[in-house]
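Coordinate-derived values only; no laboratory data. Values in this document were obtained by computation on a predicted structure and should not be read as measured data. Backbone-built Cβ (ideal geometry, glycine too); neighbour counts: all protein chains shown.
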Amino acid sequence: MKQFLKYVLATIVGIACISVFTLVLSFIVMGVIAASSDSKPTIKDGTVLRISLSGTITERSNDNQFAKYLGNDAADNQGLDDILKAIKVAKTDERISGIYLEGGVLSTDYATLQELRHALMDFKQSKKFIVAYADSYTQGSYYLASTADKLFVNPSGMIDWHGIASQPIFYTDLLKKVGVKMQVFKVGTYKSAVEPFILTGMSDANREQVQSFVGSIWQQVCKDVAASRRLAVDSLNAYADHYTTFADPMQYVDTRLVDDLAYDDEVREVLRACNNQEKVDFIDPAQLAKLDVAPTSGDGAIAVYYAEGDIVDEAARTNFSGEMSQIVGSKVVADLDKLANDDKVKAVVLRINSGGGSAYASEQMWRAIQLLKQKKPVVVSMGGMAASGGYYMSCGADYIVAEPTTLTGSIGIFGMIPDASGLLTEKLGLHFDVVKTNKASDFGAMGRGFNADEAAAMQGYVNRGYRLFLYRVADGRHMAPGQVDRIAQGRVWTGSQALGIKLVDKLGTLDDAIAVAAQRAGLKSYYLTSCPQKSSWIDQFLDSTVKRDYMEEKLQTALGEYYQPLRFVGGLRSFDAKSCVQARMFYVPNVK
């Protein structure tokens, strides 16, 4: 027995020592990772900035070093802010000889691509080289690669040049099979966010608006590529019509879509020749961006406030998907209040990339922007989308700048509440009864749909929300409500189209918006500050190690692209007048 206790005690001590050692080692590793994320890179002469045109590009980098080490999907995300800073550094730093664009499968919106394209075209003024190469180009990566001085594709590769299509998915029959139907209350002929849940195809009005905005985006893409590759727009349309994606690669050379066919080793030779060096050293945007030395003093600061994702009343989080891009109304209101009372901040640029969401949160943020505007200029810079709730936020600013391919407008409101009585009573065999004191006591009860009086009350609520939206836009854009109504009705416009109907003031980039803010604030010299602050390294670590939800993981894997819309419907299952009324564009724009 004595010997047994000795072995047990030794085992416990051993486990404790290993645990302490592992804990200490973990903190050392975390410290090294955190330190390396802040250290500035050492650059040799002749270094080439390598930009990978693959993965996802979001407005801001997450700087999550732990995600990269732990194999999290966040490691595939690139920040537009980092890439733009890196290109800016590469233009002026004599140690950077050029840019190498490495094509791949790139997922982002066309306005983000356009912002990057502006930066690449500006870089070319330095007379440094841009070389692009890919085994295969997606349309988005080719759009950027077309800026290159030398453009190559693999001899067995392809260029996915096909035009733009929007192919929304309709869930009406699927919901019918499980005994669920959607009760919809909306204002706006073109307010199409509800269509996937009540129709089996596009309405005529929706088809009209989608045809209009995809045509506008495609026209801009063709115009830009035609200018870079010295081709006619008609030729680019002809290539898209004739399935160029599957053409013999030699045709890409013959039609001047690329300069030549090449393998990896041959492209390396081209880079060595451009660089006039035996060996080419590469640096990635996240590292080079650390050398962007922005002014830290001046007449005052311009705060760039990033608002990206769904507009929600309260922060939501799923274990499987990690931190989702969200604009949390209460947090934005608090942040803007701080900026309003910060004497160092002389102007604010709101960088908005959102298709909307909660109408209630949108109204609260509109109010916060009005209070901020009383103290300092507020300029909006629109990213890929600033539509519906995103436009609600924007309309009250002093000035609005959008990219030509930004999706904006969608001035409309809808309410959507599932009626699951078919599922609950007919399929599951549940029955409900009620005792109530007043007519409206069981408003929104499970087990039945809305009656006529309840439906009328909901529609009236939505109508008032729409009228308020119209007045907000009319006041901010100095128009009559009737004028706004004619261009509203939930219709989506591109930035180019929105300029002509006075929904935006100028077409341009984030830098253009910052310049407008500086001018309106009367600043001859200024420095920039980005808000809100990025997560600390300890928060990143906790986010990277969050436990996955097994059921949610399996659902997302099984449902694929159906997952998010059905999850959205599930989130509406409990009646809440604030959350069920939405200022939202398409659930998924689905523009490809």
Self-check item: Estimated dipole of segment 320-384 in Debye, rounded to 20 [Cβ of Lys and Arg +1, of Asp and Glu -1, Cα centre]
Solution: 280 debye
Quiz item: Share of Cα-Cα pairs in segment 106-171 beyond 18 Å, in percent?
Solution: 45 percent
Practice problem: Collect residues whose amide H, placed 1.01 Å from N in the peptide plane, falls under 5 Å from the amide H of Tyr137; neighbours closer than 5 in sequence don't count. | Solution: Met158, Ile159, Asp160
Quiz item: Sorted by average packing, counted as other Cβ atoms within 10 angstrom per residue and highest first, what order do 215-226, 98-109 take?
Solution: 98-109, 215-226
Practice problem: Using packing as a proxy for protection, rank 429-438, 261-270, 152-161 so that the peptide with the highest average count of other Cβ atoms within 10 Å comes first. | Solution: 152-161, 261-270, 429-438
Quiz item: Which aspartates and glutamates, on any chain, are close to Lys91 with Cα under 20 Å apart, when same-chain ones fewer than 8 places away are left out?
Solution: Asp45, Asp81, Asp82, Glu102, Glu115, Asp122, Asp149, Asp281, Asp284, Asp292, Asp511, Asp512
Quiz prompt | Interchain or long-range residues, amide H under 5 Å from Val304's placed H | solution = Val349, Thr529, Ser530, Cys531
Quiz item: Which of Lys346/Lys506; Lys85/Lys376; Lys88/Lys223; Lys191/Lys436; Lys88/Lys506 have a Cα-Cα distance over 32 Å?
Solution: Lys191/Lys436
Quiz item: Between segment 403-464 and segment 89-138, what is the C-alpha centre distance in whole Å?
Solution: 49 Å
